[in-house]
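Here the structure comes first, spelled out in structure tokens, and everything after it is commentary.
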Amino acid sequence: MSLFQPISIVSKKEAKAPIAKQFAAFETHKEVLLSTLQKGRKIDPHSKPFDAVKSWDEIARLASLYFWGRVMKQSSLSTRETIKRLQQLYNALRKAHGLTRRAIRDGIEDELFRAWFVQKNISLISAAGAATLDNEGSSLARVAEDIKELVEALATLTALSHTAAIIADVPQKGGRPDLLPKDCIQGLARVYRTSTGTKPGRGAGPFANFAAGFALAVGKTGFSRRSLIDAIQDAHLQFKPSWFDGKPPPF
């Protein structure tokens with residue numbers, strides 16, 4: 001049997017298969033979204049013509065990122081399984097940290113000390129001799145400090161796994177997910193600003209209509225206009241600089 005497996009070439013169509021159905025449904029909203037976007041255009045003698053092709057490409061890219069985000073979320077561990085794994089990790093690390101501390105207290109640190117030199121293929125006798133000539137602190141002391149830092153790192157990892165399990169077990173505020181991801185709303189604000197030449201508003205108005213149309217196009221239904229405006233305002237507060245600011249970000 002060959003150790004090298006042939007590399008399979010995946011077509012563009014096959015690569016997009018997981019989101020093909022959702023994206024096809026999204027495309028049926030193309031004319032409505034472009035029309036809504038065009039209504040927000042700044043019209044004056046210096047305005048650039050509305051570029052429908054470029055605008056749609058950017059809207060479609062945001063939709064693809066949104067759908068792929070959902071696919072990734074569905075393929076990840078459930079909240080219950082995540083909490084279970086973190087608790088298992090915490091219990092194992094807690095036991096390992098306790099065993100390590102007891103071992104060092106009982107003098108087994110010396111064996112770890114010798115093992116370090118064995119792994120490095122260094123003679124402990126020659127290292128001790130060299131240490132007497134080291135005016136900045138012996139290499140032996142540095143090895144002991146390295147072992148101490150490893151034990152402290154194990155304690156830190158134990159605490160982190162415990163905290164992570166607690167955080168994962170806390171339900172989302174309100175018990176409902178965001179209407180749209182905050183970075184998606186910022187992306188919509190960027191598309192709106194570059195396509196229309198006007199700053200997107202954070203309340204009821206043309207941008208909220210555009211964001212609502214996008215939300216419906218990706219399959220969000222039953223949301224209130226108030227919840228949409230709250231999501232827009234929250235997305236603005238989470239990003240600095242924001243596309244809702246007076247001066248747009250330099251990117």
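The values are calculated or read from the model by the stated rules, or taken from the named source; none is laboratory data. Please read all numbers here as calculations on a predicted model, not as lab measurements. Backbone-built Cβ (ideal geometry, glycine too); neighbour counts: all protein chains shown.
For every residue, the table says whether it meets (1) exposed (fewer than 15 other Cβ atoms within 10 Å of the Cβ); (2) under 22 Å from residue 145 (Cβ atoms); (3) in contact (Cβ under 8 Å) with a residue 12 or more places away in the chain; (4) not charged (D, E, K, R).
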{"site": "62", "(1), (2), (3), (4)": "no, no, yes, yes"}
{"site": "71", "(1), (2), (3), (4)": "yes, no, yes, yes"}
{"site": "86", "(1), (2), (3), (4)": "no, no, yes, yes"}
{"site": "99", "(1), (2), (3), (4)": "yes, yes, no, yes"}
{"site": "106", "(1), (2), (3), (4)": "yes, yes, no, no"}
{"site": "111", "(1), (2), (3), (4)": "yes, yes, no, no"}
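Does residue 80 count as surrounded by fewer than 12 Cβ atoms within 10 Å (Cβ to Cβ) and without any contact (Cβ under 8 Å) to a residue 12 or more places away in the chain? Even if it seems obvious, please write down each step before you answer.
Values: surrounded by fewer than 12 Cβ atoms within 10 Å (Cβ to Cβ): yes; without any contact (Cβ under 8 Å) to a residue 12 or more places away in the chain: yes.
Answer is yes for this residue.
Could you look through the stretch 22-37, keep only residues that are surrounded by 14 or more Cβ atoms within 10 Å (Cβ to Cβ) and of a type in the set (S, T, N, Q), and pick out the one that is nearest to residue 60 (Cα to Cα)?
Only one residue fits best here, namely 22.
Search the stretch 214-241 for residues being of a type in the set (Gly, Ala, Ser) and crowded, with 19+ Cβ neighbours inside 10 Å, and hand back the single one that is nearest to residue 28 (Cα to Cα). Spell out how you get there, then give the answer.
Step one: filter the stretch 214-241 for residues of a type in the set (Gly, Ala, Ser), giving 215, 217, 219, 222, 224, 227, 231, 235.
Restricting the remaining residues to those that are crowded, with 19+ Cβ neighbours inside 10 Å gives 215, 217, 231, 235.
On the way: 215: 13, 217: 8, 231: 25, 235: 27 Å.
Going through the qualifying residues, I end up with 217.
So for the stretch 111-123 (the condition being touching a Leu at 6+ places or on another chain (Cβ under 6 Å), of a type outside the set (Phe, Trp, Tyr) and modelled with pLDDT under 70), does at least one residue qualify? Write out each step before concluding.
Step one: filter the stretch 111-123 for residues touching a Leu at 6+ places or on another chain (Cβ under 6 Å), giving 117.
Applying the additional criterion that residues be of a type outside the set (Phe, Trp, Tyr) yields none.
Checked the stretch 111-123: no residue is touching a Leu at 6+ places or on another chain (Cβ under 6 Å), of a type outside the set (Phe, Trp, Tyr) and modelled with pLDDT under 70.
If you scan the stretch 242-251, which residues turn out to be crowded, with 16+ Cβ neighbours inside 10 Å and either acidic (Asp, Glu) or at positive phi (or both)?
none
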